[in-house]
Amino acid sequence: MKPGLYETLERIAATINERRHGDAAKSYVAQLFAKGDDAMLKSLIQRHLLFTGSERARVILENWAAYLPRFVKVMPLEYRRALSEQAAEQMRREQPAATVEVRAND
């Protein structure tokens with residue numbers, strides 16, 4: 001095995017294990033889904049079930065809370081960075097402006 005490959009595989013395995021057994025509410029994916037993507041995903045699976053009669057879709061929908069953390073939202077890193085910057089800018093705009101006290105020199 002090439003040097004570094006084992007460590008990479010170990011990190012990947014740890015990430016997969018963490019996603020399966022970690023705190024789903026704190027995961028990055030759960031945070032993204034909390035913004036509304038989960039409703040869209042659920043709707044897509046419901047439509048899939050309606051049109052195909054998929055047994056897997058039925059099981060996922062019946063156990064939605066358990067299956068939701070297993071989904072991963074894939075996006076380009078640059079897009080993710082842009083979304084983070086946009087959210088930070090919005091937070092700055094929503095914060096009240098700091099007041100500055102100006103005194104005349106006596």
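Read the figures in this text as sums done on the coordinates, not as results from a lab. Remember, it's a predicted structure, so these values are computed and weren't measured experimentally. Counting neighbours? That spans all protein chains shown, and the Cβs are built from the backbone with ideal geometry, glycine included.
The number of residues in the range 32-89 being touching a Lys or Arg at 6+ places or on another chain (Cβ under 8 Å) and farther than 25 Å from THR15 by Cβ comes to 2. Among the residues of the range 52-84, the ones that are surrounded by fewer than 10 Cβ atoms within 10 Å (Cβ to Cβ) and either of a type in the set (Val, Ile, Thr) or in a helix (DSSP H, G or I) (or both) come to 7 in all.
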